[in-house]
Amino acid sequence: MYRYDEFDHRFVRERTTQFRDQVTRRLSGELTEDEFKPLRLMNGVYLQLHAYMLRVAVPYGTLSAPQMRQLAMIAERYDRGYGHFTTRQNIQYNWPALKDLPDVLDHLAEVEMHAIQTSGNCIRNVTTDQWAGVAADEIADPRPICELLRQWSSLHPEFSFLPRKFKIAVTGAPQDRAAVAVHDIGLHMHRNADGEAGWEVLAGGGQGRTPMIAVTVRDWLPERELLPYLEAVMRVYNLHGRRDNKYKARIKILIHELGAEEFRRQVEEEFARAGTPEVEVEQRELARIAAYFAPPAYEDLQDVSTEFELAKNGNRDFANWAKINVAEHKAPGYAIVNISLKPVDGIPGDATTEEMNLVADLSERYSANEIRITHRQNLVLPYVRKRDLFAVWSALNDAGLAIANLGHLGDIIACPGMDYCALATARSIPIAQDISRKFADLKRQYDVGPLTINISGCINACGHHHVAHIGILGVDKKGKEFYQITLGGASDENASIGKILGPGFSGEEVPDAIEKIIETYIAIRGESETFLQTYRRVGADPFKEALYATA
Amino acid sequence: MTGKILTANRVDDGLVVFLNGRGEWAEALSEAWLGEHDSTIAEFEDIASAAGAGTEVTDVYLFDAERDGDEFVPAHIRERIRALGPTVRMDLGKQAEGIGGAFNALG
Amino acid sequence: MRLLKNGEFASDDWTVLSEDDVLPLNGDVIVCFDRLMRDYAQLKAHDGRIAVSFPNDCAVEDLDDYLDILDKVVLTFPVFTDGRAYSQARQLRQQFAFEGEIQASGNVLPDQLAFMRQCGFDVFLVNGRFDAEQWQKAATSMTLTYQNGYLPERGFAPADVWKRREVKSNDQLRSDFEEVWTA
Ligand code: SF4
């Protein structure tokens, strides 16, 4: 993975020194809160319901073992012994004191991490496929481009005061695991007719109060032109994005109001005028970065591991977990281990200091020191030999982390909601907990098959409810929590926005409503038809009937 | 009796505080000053704008609450959770320190 | 309000003319864009420098026909969070090769000065709340930049990381880097 050179180190240290000075100026009164707020936000510091919250960037979701240990240490020393992994592949701390934050940022800098631009109206931390570099279906590892984008977007002089926040997602595989169609810019790698890999540039996707699927701005762009082209997109947005209404300020609204055709024309015009003066520098920099992402020295292994097959025969729980949580790897004899952070009754995405340390240890022993954070709030060990899977599972199982529900009903996304978030209109976590208890039986989950349930505590949709097969949105109805259910969303290469089924439910009613939806699906599904396929075939009516007919 | 309570977050550690009768910012809601008359509430607004420009607290605002015995119960669930701590982590926040209140977040 | 230029306060000799103020016989004047279009010929013959005050919701390409008589373009930040003028300055420098002064006016604060300079601003109309040292300190707190081609031409310039990386050996990088840092 990428390692800082002295420039990167210096850059982050100067930034933390600058922030230390800004905090001092705020505490002394030299800066007012109005002036300080945008500065703290650009360093990832929010003020939430109970306290400050620090959002630390995990660039494109990749962490090393020492970085994970440092995150665990920070949780222990400066927070309350845990952290929350988010749908942005980041980690959040819920209780840090402002006066400690310069020290926390110094500790992050020690392990080549920072919180730059995890908030504010700037280009946010770039996200990608959690299986980047190891997925069997991948064209190429997207992380060199992600790292180039990380550097390029860091304290960008022109694009740090945009109309609104700006999120870029990248995927190097045909199967989109990075939800590129619901980001401000999505980059999807394809080969052109000559077999050359390049980028489809999508723009204007997003969730929030006006969910939209992105439009394709360019079908295929040679890699060397990517940064100049992105600069053109950003500049058109910076100049013309609405600034009169923060709910209409995202790029999706600009594209919607201009029309995709006109937006494309403006981008191409700007791109032509600005030209590509520095591409050689960028290409050499990209090549330098790419060398860091060379895969570890794989052992020459048979794809079938006898140890693994024997262990599966000897242990049903292990076999289930291996079937559900382990994914196919590029290299023969290797596997991708997905660690679900969704125990029954747990808080989705939360991990304690001990859990973080355990995963760091396992990655050191079994996974080339690497860990990934997924946008479904889980963790990944990307380089595990099949013959080591049983040992990994045993260690996870002892810690209660061998939860075999990946991609199934129990693997629920939930944003912090009103238990932590100042913007929330309802709680999210208790709903996830109630559903997880009701469907605790794994056999039942396997019978139901692949299913995503995502929960947001307000219309900002951090819980990605719009793109869930079953989405749940918490709203406030006369001071009471209420939940709207949507069906049919998806965030993959066939992305769609879920549709509201009907009137909402109180929190207590939600698990039964989910039960009815599941029962309806089971009653009408075709042979090996998934929930989403069934919904797309039959539409909302049977589900509406099940939920509302007798009421 | 219903009234209004002035609340904020402390600048240096971010924790939730409430204005008490001596003009100080207290951590426990039970120590807050419940403004029940228009004149008190007008005074709160002056205190809020002065405090918001200072260095001790930030994000100062009023919320509705009701007196119940010797404690105050916020009208809205958001403020109840803020005064207690996360409902999913009873071991954290004011409720864990014994300064939350006897009321339930869910009302 | 004072003009900040090259890290120091400079005297402001510019006269701002409204739409109908009579053009003085000589001296440096700032006009609005409408007047620049209307009085182009007259302004061209003026004995003194010409500047335009240009709104942040207009396209700088509309200025292209007038750049030949302009010594300065004044761009504005109505609030510091409205970042349109960064792109306008960048376009003027990079796409229209404007070499006169670009002045920032409006809500200009020390913590944004470095970004403005990198996009092409070189003069800043500021209030008296901060002294020259505070401006300089904020403007130089970051000595490195990752973006290509975003370097101010005059005065303090951060080091361009990508270019430095590619042309230097590691040892050279290190000494070069110390030099930038201690400069
Ligand atoms: S969706 Fe709303 S409640 Fe949930 S984290 Fe985002 S802003 Fe907070």
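The values are calculated or read from the model by the stated rules, or taken from the named source; none is laboratory data. Remember, it's a predicted structure, so these values are computed and weren't measured experimentally. When we count neighbours, we look across all protein chains shown, and the Cβ atoms used for this are built from the backbone with ideal geometry, even at glycine. Ligands, DNA and RNA are excluded from the accessible area calculation, which covers all protein heavy atoms including side chains. Shrake-Rupley method; radii C 1.70, N 1.55, O 1.52, S 1.80 Å.
Checking the condition open to solvent by less than 10 Å² (accessible area, probe 1.4 Å), β-branched (Val, Ile, Thr) and more than 14 Å from A:Leu227 (Cα to Cα), which residue from A:Val170, A:Val134 passes?
Going through A:Val170, A:Val134 in turn, just one is open to solvent by less than 10 Å² (accessible area, probe 1.4 Å), β-branched (Val, Ile, Thr) and more than 14 Å from A:Leu227 (Cα to Cα): A:Val134.
Being part of a loop (DSSP other than H, G, I, E, B) and open to solvent by less than 10 Å² (accessible area, probe 1.4 Å) is the filter; apply it to the range A:481-503 and report the residue that is nearest to the ligand (Cβ to nearest atom).
Filtering first and then ranking leaves A:Gly489.
Would you mention how many residues in the range A:461-480 are within 13 Å of the ligand (Cβ to nearest atom), surrounded by fewer than 24 Cβ atoms within 10 Å (Cβ to Cβ) and assigned to a strand (DSSP E or B)?
The number of residues fulfilling the criteria is 2.
Here are some residues: A:Phe543, A:Phe531. Which one is farther than 22 Å from A:Ala181 by Cβ, modelled with pLDDT of 95 or more, away from the ligand (no atom under 16 Å from the Cβ) and open to solvent by less than 30 Å² (accessible area, probe 1.4 Å)?
A:Phe543
For the range C:49-64, which positions are without any contact (Cβ under 8 Å) to a residue 24 or more places away in the chain and either surrounded by fewer than 17 Cβ atoms within 10 Å (Cβ to Cβ) or not assigned by TED's automatic domain parsing to the domain that holds C:Ala97 (or both)?
Answer for the range C:49-64, where residues must be without any contact (Cβ under 8 Å) to a residue 24 or more places away in the chain and either surrounded by fewer than 17 Cβ atoms within 10 Å (Cβ to Cβ) or not assigned by TED's automatic domain parsing to the domain that holds C:Ala97 (or both): C:Pro55, C:Ala59.
Considering only residues that are more than 10 Å from chain B (Cβ to nearest Cβ) and open to solvent by less than 20 Å² (accessible area, probe 1.4 Å), look in the range A:88-106 and name the one that is farthest from A:Thr16 (Cα to Cα).
The extreme case among them is A:Gln89.
Report those strands (runs of 3 or more DSSP E) wholly inside the range B:14-107 carrying at least 1 residues which are over 23 Å from A:Tyr46 (Cα atoms).
Numbers: elements: B:16-19, B:57-68, B:71-74.
Filter on the range B:14-107 gives B:57-68, B:71-74.
Go through the range A:450-460 and count every residue that is open to solvent by 10 Å² or more (accessible area, probe 1.4 Å) and more than 11 Å from the ligand (Cβ to nearest atom).
Summing the residues that are open to solvent by 10 Å² or more (accessible area, probe 1.4 Å) and more than 11 Å from the ligand (Cβ to nearest atom) in the range A:450-460 gives 2.
Conditions first: (1) touching a residue at least 60 places away in the same chain (Cβ under 8 Å); (2) out of contact with any Gly (no Cβ under 8 Å at 6 or more places or on another chain). A:Ala395 passes all but one, so which condition is the exception?
(1)
Yes/no matrix, rows are residues, columns are (1) of a type in the set (Val, Ile, Thr); (2) farther than 16 Å from A:Asp34 by Cα; (3) surrounded by fewer than 21 Cβ atoms within 10 Å (Cβ to Cβ):
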position	(1), (2), (3)
B:Arg22	no, yes, yes
B:Ala32	no, yes, no
B:Glu43	no, yes, yes
B:Ser49	no, no, yes
B:Glu56	no, no, yes
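Listed here are the residues, each with its yes/no results for (1) at the interface with chain A (Cβ under 10 Å from one of its Cβ atoms); (2) within 21 Å of C:Asp39 (Cα to Cα); (3) out of contact with any Phe, Trp or Tyr (no Cβ under 6 Å at 6 or more places or on another chain).
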site: C:Arg84; (1), (2), (3): yes, no, yes
site: C:Ala89; (1), (2), (3): yes, no, no
site: C:Ala97; (1), (2), (3): no, no, yes
site: C:Gly100; (1), (2), (3): no, yes, yes
site: C:Gln103; (1), (2), (3): no, no, yes
site: C:Arg117; (1), (2), (3): yes, no, yes
site: C:Gly120; (1), (2), (3): yes, no, yes
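Filter the range A:399-435 down to residues that are acidic (Asp, Glu) and either under 14 Å from A:Leu451 (Cα atoms) or more than 9 Å from chain B (Cβ to nearest Cβ) (or both), then give me how many there are.
Qualifying residue count for the region: 2.
Looking only at the range A:422-439, filter to residues that are within 16 Å of the ligand (Cβ to nearest atom) and in a helix (DSSP H, G or I); which one of those is surrounded by the fewest Cβ atoms within 10 Å (Cβ to Cβ)?
Among residues in the range A:422-439 that are within 16 Å of the ligand (Cβ to nearest atom) and in a helix (DSSP H, G or I), the one surrounded by the fewest Cβ atoms within 10 Å (Cβ to Cβ) is A:Gln433.
Counting only residues that are within 21 Å of A:Arg376 (Cβ to Cβ) and among the charged types (D, E, K, R), how many does the range A:166-194 have?
4
With the condition kept exactly as written, say whether any residue in the range C:20-30 is of a type in the set (Asp, Glu) and surrounded by 15 or more Cβ atoms within 10 Å (Cβ to Cβ).
Yes - at least one qualifying residue is present in the range C:20-30.
For residues that are more than 9 Å from the chain's Cα centre (by Cα), surrounded by 20 or more Cβ atoms within 10 Å (Cβ to Cβ) and aromatic (Phe, Trp, Tyr), scanning just the range C:95-124, find the one that is farthest from A:Glu35 (Cα to Cα).
Per the criteria, the residue is C:Phe98.
Of the residues that sit in the range A:34-78 and are within 13 Å of chain B (Cβ to nearest Cβ) and surrounded by fewer than 18 Cβ atoms within 10 Å (Cβ to Cβ), which one is modelled with the highest pLDDT?
That would be A:Tyr78.
Out of the range A:404-415, which residues are in contact with a Ser or Thr (Cβ under 7 Å, 6 or more places away or on another chain) and either part of a loop (DSSP other than H, G, I, E, B) or more than 16 Å from the ligand (Cβ to nearest atom) (or both)?
If the condition is that a residue be in contact with a Ser or Thr (Cβ under 7 Å, 6 or more places away or on another chain) and either part of a loop (DSSP other than H, G, I, E, B) or more than 16 Å from the ligand (Cβ to nearest atom) (or both), then A:Asn405, A:Leu406, A:Gly410, A:Asp411, A:Ile412, A:Cys415 are the ones that fit.
Determine which member of the set A:Val182, A:Val170 is in contact with a helix residue (DSSP H, G or I) (Cβ under 9 Å, 6 or more places away or on another chain), under 22 Å from A:Glu285 (Cα atoms) and of a type in the set (Val, Ile, Thr).
Just one listed residue meets the conditions, A:Val170.
Here's the yes/no breakdown for (1) open to solvent by 30 Å² or more (accessible area, probe 1.4 Å); (2) more than 25 Å from A:Ile413 (Cα to Cα):
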site	(1), (2)
A:Ser305	no, yes
A:Asn338	no, no
A:Ala351	no, no
A:Arg372	no, no
A:Phe390	yes, yes
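If you check A:Glu269, A:Glu299, A:Glu280, which single one turns out to be assigned by TED's automatic domain parsing to the domain that holds A:Arg164, at pLDDT 95 or above and open to solvent by 40 Å² or more (accessible area, probe 1.4 Å)?
Step by step, each of A:Glu269, A:Glu299, A:Glu280 is checked, and only A:Glu269 is assigned by TED's automatic domain parsing to the domain that holds A:Arg164, at pLDDT 95 or above and open to solvent by 40 Å² or more (accessible area, probe 1.4 Å).
Among the helices (runs of 4 or more DSSP H) contained in the range A:51-161, which hold 3 or more residues that are under 17 Å from the mean Cα position of the chain (by Cα) and at negative phi?
A:143-153
More than 19 Å from C:Arg2 (Cβ to Cβ), in a loop (DSSP other than H, G, I, E, B) and outside the structural domain of C:Leu151 (by TED's automatic domain parsing), is that true of C:Ala89?
Considered against the rule, which asks whether it is more than 19 Å from C:Arg2 (Cβ to Cβ), in a loop (DSSP other than H, G, I, E, B) and outside the structural domain of C:Leu151 (by TED's automatic domain parsing), C:Ala89 comes out as no.
Quick one: in the range B:67-91, which of the residues that are open to solvent by 30 Å² or more (accessible area, probe 1.4 Å) and closer than 17 Å to A:Asn94 by Cα is farthest from the other protein chains (Cβ to nearest Cβ)?
B:Met90
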